[in-house]
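A.B. asks: Here it is: the structure, laid out below.
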Amino acid sequence: MPGLPAGRRYHLTVEDEPDPRDLALLEDKLAAAAVAAAGVGEEEEFGIFVHDDAGQIVAGASGSLWGGCCQIHTLWVDGPHRGHGLATELMAEAEATARRRGCRLVMGLTYDVLTRGFYDRLNYRTVGIIENCPAGTTTRWYCKDL
């Protein structure tokens, strides 16, 4: 590989089913590099869960807070529990969590095929779009000032 230090040998591999621990390592290393470069404190993660009467998770959201911003990583409601306002409640709690921890905005990425109009109804604005990615839908970045 060009540009590598003299005497070092590297092996590039593509893994179809990478170990989740290896993926977590990459995410941790990237987050640490971003924190060091930006100098705005450590990233904090959070999770919000909805359990049914049997204790099973039927919906949830996760995100991270860093430098006055909240990024939503996941928002999921199991099929039979959709249409009852759980996603709206989860987003309201994510926003409240972000406010309590000093964030000025919430952002995220979604696919229109999954959430068409949902974030618009919650007063988020679209700040980026990639059409037909993945094929047949649109990838959308959204943001809301708190």
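The values are calculated or read from the model by the stated rules, or taken from the named source; none is laboratory data. Since the model is a prediction, treat every value here as computed from it, not as a measurement. All Cβ positions, glycine included, derive from the backbone under ideal geometry; neighbour counts span all protein chains shown.
A.B. asks: Quick one: Arg21 ticks every box in (1) at pLDDT 90 or above; (2) of a type in the set (Lys, Arg); (3) in a loop (DSSP other than H, G, I, E, B) except a single one, so which number is it?
C.D. replies: Tallying (1) at pLDDT 90 or above; (2) of a type in the set (Lys, Arg); (3) in a loop (DSSP other than H, G, I, E, B), Arg21 fails exactly one: (3).
A.B. asks: Mind listing just one residue for me: the one in the range 103-130 that is exposed (fewer than 12 other Cβ atoms within 10 Å of the Cβ) and at pLDDT below 95 and, of those, nearest to Ser64 (Cα to Cα)?
C.D. replies: Leu114
A.B. asks: Scan (1) farther than 23 Å from Ala96 by Cβ; (2) of a type in the set (Gly, Ala, Ser); (3) more than 16 Å from the chain's Cα centre (by Cα) for the single condition Ala24 breaks and write down its number.
C.D. replies: All conditions are met except number (3).
A.B. asks: I would also like to ask the following. Could you give every pair whose Cβ atoms fall below 6 Å, whose first residue belongs to the range 121-136 and is in contact (Cβ under 8 Å) with a residue 24 or more places away in the chain, and whose second residue is among the aliphatic types (A, V, I, L, M), counting only separations of at least 6 or pairs across chains?
C.D. replies: Short answer, once both residue conditions are applied: Leu122/Met91.
A.B. asks: Let me ask another. Might you check whether a residue that is at pLDDT 95 or above, in contact with a Ser or Thr (Cβ under 7 Å, 6 or more places away or on another chain), closer than 24 Å to Arg140 by Cα and of a type in the set (A, V, I, L, M) occurs anywhere in the range 57-71?
C.D. replies: Among the residues of the range 57-71, at least one is at pLDDT 95 or above, in contact with a Ser or Thr (Cβ under 7 Å, 6 or more places away or on another chain), closer than 24 Å to Arg140 by Cα and of a type in the set (A, V, I, L, M), which makes the answer yes.
A.B. asks: Looking only at residues in the range 24-47 that are in a loop (DSSP other than H, G, I, E, B) and of a type in the set (Gly, Ala, Ser), which one is surrounded by the fewest Cβ atoms within 10 Å (Cβ to Cβ)?
C.D. replies: Filtering the range 24-47 for residues in a loop (DSSP other than H, G, I, E, B) gives 39-43.
Among the residues that remain, those that are also of a type in the set (Gly, Ala, Ser) are: 39, 41.
Details: Gly39: 7, Gly41: 12.
That would be Gly39.
A.B. asks: I've got another one for you. Is at least one residue of the range 26-46 hydrophobic (A, V, I, L, M, F, W, C) and within 17 Å of Glu93 (Cβ to Cβ)?
C.D. replies: Of all residues in the range 26-46, those hydrophobic (A, V, I, L, M, F, W, C) come to 26, 30-38, 40, 46.
Retained after the next criterion (residues that are within 17 Å of Glu93 (Cβ to Cβ)): 46.
Scanning the range 26-46, I find at least one residue that is hydrophobic (A, V, I, L, M, F, W, C) and within 17 Å of Glu93 (Cβ to Cβ), so the answer is yes.
A.B. asks: Could you list all residues from the range 131-146 that are more than 15 Å from the chain's Cα centre (by Cα) and either surrounded by 13 or more Cβ atoms within 10 Å (Cβ to Cβ) or within 16 Å of Cys69 (Cβ to Cβ) (or both)?
C.D. replies: Start the filter on the range 131-146 by keeping residues that are more than 15 Å from the chain's Cα centre (by Cα), which leaves 131-138, 145-146.
Thr137, Thr138, Asp145, Leu146 - these are the residues of the range 131-146 that are more than 15 Å from the chain's Cα centre (by Cα) and either surrounded by 13 or more Cβ atoms within 10 Å (Cβ to Cβ) or within 16 Å of Cys69 (Cβ to Cβ) (or both).
A.B. asks: Would you call Thr138 in contact with a helix residue (DSSP H, G or I) (Cβ under 9 Å, 6 or more places away or on another chain) and either within 13 Å of Leu75 (Cβ to Cβ) or not aliphatic (A, V, I, L, M) (or both)?
C.D. replies: On the way: in contact with a helix residue (DSSP H, G or I) (Cβ under 9 Å, 6 or more places away or on another chain): yes; either within 13 Å of Leu75 (Cβ to Cβ) or not aliphatic (A, V, I, L, M) (or both): yes.
Criteria met by Thr138.
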